[in-house]
Amino acid sequence: MSEYKEKRICVIDFETGNIGSISNLLEKLKLNYYVSNKNEDIEKATHLILPGVGSFSVAMSKLKKKVDLSFLEKEVLGKKKPILGICVGMQLMADIGNEFGFNKGLGWIAGSVDLIDSKGMSLPHIGWNEVKFENNNDLFDKIQTGHDFYFVNSYYFNLKNSGNMIASTEYGIRFPSAINKENVFGVQFHPEKSQKFGRQLVLNFINKT
């Protein structure tokens, strides 16, 4: 992985549950990473990962307490630093979340987080499911459309602009399972639990300048 030695990945720490599994993946990939919520560590990173599990409201509350959001926004929207949101970390990028009431999100990609209309299938949506590419995006370089990734979600990112959807998944409805707007990326599934294709996706993200 010598081609990645100049990359510095900050996993943003706001006491969410999947930091350990994401760290394990980055460790296996021999990538240069650290876990922090300090401005100086976010600033020196070349790439950011925003994790998240649980409810939108609790995750957003923790993020506000643990991270300087105005500084983070300058790094992401101002400096155009690549960031990957995972699961609830992706959902926090929406304008609003409707889980356990109305909660304001980061507003980086237009849309709302809404309950999946599962058409009678059980929620949460747990396990392996097919991810189909909607728009050509090198986040999925060396991965073929239709491969399974691992999900745990009851809510989905209801995009305002379908052009921001780069992959979709069916569970009662077709919902965005990967999104992108400029340097901001998000995946609803867990790449850290998705074996070789999850590992490839993370390497594709880190390969972005």
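The values are calculated or read from the model by the stated rules, or taken from the named source; none is laboratory data. As the structure is a prediction and not an experimental result, all values here were calculated from the model. Don't worry about glycine lacking a Cβ; one is built from the backbone with ideal geometry, like all the others, and counts go over all protein chains shown. Ligands, DNA and RNA are stripped out before the accessible areas are found, and what is left, the full protein with its side chains, is counted by its heavy atoms. Shrake-Rupley method; radii C 1.70, N 1.55, O 1.52, S 1.80 Å.
Going through the range 174-198 one residue at a time, which ones are assigned to a loop (DSSP other than H, G, I, E, B) and open to solvent by less than 10 Å² (accessible area, probe 1.4 Å)?
Of everything in the range 174-198, those that are assigned to a loop (DSSP other than H, G, I, E, B) and open to solvent by less than 10 Å² (accessible area, probe 1.4 Å) turn out to be Q188, F189, H190, S194.
Counting only residues that are more than 13 Å from N129 (Cα to Cα) and surrounded by 21 or more Cβ atoms within 10 Å (Cβ to Cβ), how many does the range 143-163 have?
Total meeting the criteria: 3.
Pairs, please: C-beta under 6 Å, at least 6 apart or cross-chain, first residue acidic (D, E) and in the range 116-129, second outside any strand (DSSP E or B)?
Every condition considered, the pairs that remain are D117/G172.
Is it the case that G78 is under 16 Å from N183 (Cα atoms) and out of contact with any strand residue (DSSP E or B) (no Cβ under 8 Å at 6 or more places or on another chain)?
yes
State yes or no: is W108 surrounded by 12 or more Cβ atoms within 10 Å (Cβ to Cβ), of a type in the set (F, W, Y) and under 14 Å from the mean Cα position of the chain (by Cα)?
yes
Could you give every pair whose Cβ atoms fall below 8 Å, whose first residue belongs to the range 144-158 and is at pLDDT below 95, and whose second residue is of a type outside the set (A, V, I, L, M, F, W, C) and surrounded by 22 or more Cβ atoms within 10 Å (Cβ to Cβ), counting only separations of at least 6 or pairs across chains?
Every condition considered, no pair remains.
Taking the conditions exactly as written (open to solvent by less than 60 Å² (accessible area, probe 1.4 Å), out of contact with any Asp or Glu (no Cβ under 9 Å at 6 or more places or on another chain) and not small (G, A, S)), does L25 satisfy them or not?
No.
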